Amino acid sequence: PAGYQPEATTLPNCGVYSDFFLILSIVSHSIPDGWLIYFKEHPTTFLSRMRGSMYRDNKYYDRVLSFGNVRIISESESTFSLIDHAKAVITPGGSAGWEAVVRGVPTLLFGHVWYEACSSVFQIKTYSDCIDAIKKIKAGFTPDYADVERYAWAAEKASVEGMNYAWEFYDAIKQEDAKSEMHKVAEAFAHSYCDHYGASSQNDLQLNRDSLEAS
């Protein structure tokens with residue numbers, strides 16, 4: 001599943017792999033004969049209110065198809081169905097990578113995203129990394145469900161309850177509730193800072209907060 005562009009997940013979090021053709025080239029040359037890569041475009045690319053279509057043209061898709069073992073499929077195809085029938089999922093950093101390991105399917109991750117430190121995810125930095133990952137997958141590797149569950153638990157513990165979803169947040173900060181929303185974000189950062197650096201930091205933060213409110 002291709003990532004949306006431009007977006008932080010792919011630009012800049014993917015580094016050199018924001019060029020999806022580099023990913024396709026590496027994987028295309030790493031997989032065994034008879035394996036196919038199914039390229040599914042990000043559906044948001046074609047929404048009229050977005051600008052993703054400016055990253056694509058006919059030549060782009062002609063180039064995708066220039067790889068002999070790559071096939072383009074409709075963006076309306078069910079992601080879960082595709083995952084369940086795949087040897088592995090290749091992603092520059094999208095949610096499909098996490099959805100795959102949760103469903104017991106290996107993920108080859110080329111970018112940087114919140115689940116990259118999960119031991120059951122193959123983080124691909126080089127061509128050799130991809131070759132090694134494909135060998136393990138071919139030999140029968142599957143994600144360790146206990147490992148995935150532990151990672152999900154740790155991610156939940158490190159998350160902040162009650163923060164708004166992105167679109168709701170954008171709406172809120174454009175309206176009269178902007179100050180309240182920004183305070184929630186600031187408090188979340190403050191609590192995270194204190195969790196990492198100890199109680200003394202709480203006093204420092206309180207002093208800074210009092211100074212800001214006084215000013």
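The values are calculated or read from the model by the stated rules, or taken from the named source; none is laboratory data. In this text the structure is predicted, and so the values were computed from the model without any measurement. Glycine gets a Cβ as well: all are built from the backbone with ideal geometry, and neighbour counts include every protein chain shown. We work out accessible area using only protein heavy atoms, side chains counted, and drop any ligands, DNA or RNA first. Shrake-Rupley method; radii C 1.70, N 1.55, O 1.52, S 1.80 Å.
Some notes on this structure:
- With 0.36 nm allotted per residue and the present C-alpha distance subtracted, the Phe46-Arg63 stretch has 4.3 nm of extension available.
- Restricting the calculation to Cα atoms, segment 1-141 shows an Rg/Rh of 0.93 when the hydrodynamic-style radius is the Kirkwood one.
- Its Cα centre serving as origin, segment 1-101 has a Cβ charge dipole (Lys and Arg +1, Asp and Glu -1) of approximately 200 debye.
- Annotation: Leu47 carries an accessible surface of approximately 70 Å², with a 1.4 Å probe and no ligand, DNA or RNA atoms counted.
- Extension gain for the segment Ala155 to Leu36, taken as residue separation times 0.36 nm less the Cα-Cα distance, is 39.5 nm to one decimal.
- In order along segment 149-155, the phi-based Karplus estimate (6.51 cos²θ - 1.76 cosθ + 1.60, θ = phi - 60°) of 3J(HN,Hα) comes to 5, 5, 5, 4, 4, 5, 5 Hz; Gly and Pro are listed as x.
- Peptides 22-32, 103-113, ordered by how many other C-beta atoms sit within 10 Å of their residues on average, highest first, read 103-113, 22-32.
- A convex hull fitted to the Cα coordinates of segment 34-103 yields 100 cubic angstrom per residue.
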